[in-house]
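Everything below concerns the one structure shown next.
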Amino acid sequence: MLWSLIKIVVFVAVIAALTWGASTLLESSGGLQVTVMGTEFSFGPLQSVIAVIVLVIAVWLLLKILSLLVAVWHFLNGDETALSRHFDRNRERKGYEALSQGLMALASGEGRLALSKAEKADKYLEKPELTNLLIAQAAEMAGDRRKAEETYRKLVTNESTRFVGVRGIMKQKLAEGDTDTALKLAEKAFALKPKHEETGDVLLKLQAEKEDWAGARQTLNTKLKNGQMPRDVHKRRDAVLALSEAKDVIAEGNSIEAREAAIEANRLSPDLIPAAVMAAHGYIDQGRPKYATRLLKKAWDVQPHPDLAAAFAAIQPDESPKERLKRFTTLTRLHPEHPETKMLLAELNIANEDFPQARRSLGNLVETDPTARSVTLMAAIERGEGASDTVIKGWLARALTVSRGPQWICDNCQHIHTNWKPVCENCHSFDTLAWKTPPMSEVAMPGGVQMLPLIVGSASDNQVVPVEPSTTTSKSTSDDIEEAELIVDPAEDADNTKATQPSSAASH
């Protein structure tokens, strides 16, 4: 409302000013006298105003005519004109239209169409920083790797697109399996753009594959500084790399450095079982068994594992079975219901020739969570208690049908490894191995294994042991069966019938 009032007041004031000016000119006397080449022209007040307006219009028209003449001269000279700008805008429109169609074709998976549209856009736009990337990606999709690599190399020459070009060639080399060249390109790309998360992951993976543990740790620290990795994940992976460095040092024979590297790896990640085992052996070599005991106890509290038990046994390798059973109480009182604890106690009691206690320690594990190891232990207990070969063979037959138990399995591809490794030997993923039970798969045996208990005898004289479906893990059970056959060998001396067990912890 106020603004409308202001506009009305301003309008009235302007009209009043014009009216006052016109009336003043009409009432004034005199005028304007202009002499041109001896001729005198006299103008009245109103005529003077009109003459000034006409003069302004004439000057404006003169300037327009001059600019027209200049434009004609530029046109005849080949310089930029409105006509040339029209044609340029038309080419630009066609170029961006082709670029848009090329992007749509690329997203739709039509490589050949995308390549033709990209080349058309390059022809019209003449902006290689825009079109070269589309040409390279379209050529890759169309299967023309040579053209794609040539285009990526053009991108490398431009500072603004250098990273894109290096990364593109790196991905091509990875697809071709040339990991050596890909590693060098990944290092270059990561140096150009350290905050690019995907490039950092590729570089870390390649460095781990090439066992460049020092370089991988440096890359890992850079990713942490750039905020690309949670601190707990960095701590775990740094421990894995430190452990890998320690293994390399051991291979080179530098025991002192190996111990230090293993202890550092365990300090970084106490739950990393291989690091705990290696660090414990380092303390044992230093003559510091208390440190080894404390370290292994802490790792066992996180996750019981047979390698930890074997390392714990190595602390006092010459002790008697009874002394070992007593000393192992430090571990077995932690997680007493864990299957690994039960099997460890059973093995220790078998070594101590206390077979009834071994049976009690094993409990109902062979029924609730049967594995080849627990069932083989049951066969050893039966043998130690004087059971017939038929009963023992029944347990061994059942060992063919049950799981092999927890193993080192890649979370990415489910590949089973005999020993822990920092990089999966199948899919080359870094830090993906976990200690867990693999999925069961159908056993390839004519007729299955359901008839085995009937062939070799049942697990008990008075009870037929239920046989699981014809399933087993993908890993062969020959090692367990070969070891278990020693238990039921009729030719074996009777004095040695009570001393067979599969665990390294009880046999040390």
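Using the Cβ of residue 308 as centre and a radius below 13 Å, the other residues enclosed give a net charge of -1, where K and R count +1 and D and E count -1. Computed packing ranks the peptides 222-235, 163-176 as 163-176, 222-235, most packed first, by mean other Cβ atoms within 10 Å.
How much net charge surrounds residue 160 when only the other residues with a Cβ under 15 Å from the Cβ of residue 160 are counted, with Lys and Arg +1 and Asp and Glu -1? Here the count lands on +3.
Placing unit charges on the Cβ atoms only, positive for Lys and Arg and negative for Asp and Glu, gives segment 87-206 a dipole magnitude near 240 debye about its Cα centre. Please compare each pair in 184/247; 7/64; 173/195; 117/223 to a cut-off of 29 Å on the Cα-Cα distance and tell me which ones are over it. 7/64; 117/223, as the Cα separations exceed 29 Å there. Between the residues 355, 427, 410, the greatest Cα displacement towards the positive end of the dipole of segment 294-440, with unit charges on the Cβ of Lys, Arg, Asp and Glu, is found for 355. Taking the average, over residues, of other Cβ atoms within 10 Å as the packing measure, peptides 426-439, 8-21, 301-314 rank 301-314, 426-439, 8-21 from highest down. Segment 50-75 and segment 148-196 have Cα centres lying 59 Å from one another.
Taking one quarter of the surface of the convex hull spanned by the alpha-carbon atoms of segment 230-334 gives a direction-averaged projected area of 6.6 nm². Each peptide in 389-399, 179-189, 64-74 receives the mean, over its residues, of other Cβ atoms within 10 Å, and ordering these scores from highest gives 389-399, 179-189, 64-74.
Summary of the geometry: segment 262-305 and segment 310-379, compared by the centres of their Cα atoms, lie 21 Å apart.
All of the numbers you see were taken from the coordinates with simple rules; none came from a lab. Source: prediction; values computed, not measured. Please note: Cβ atoms are built from the backbone with ideal geometry, for glycine as well, and neighbour counts cover all protein chains shown.
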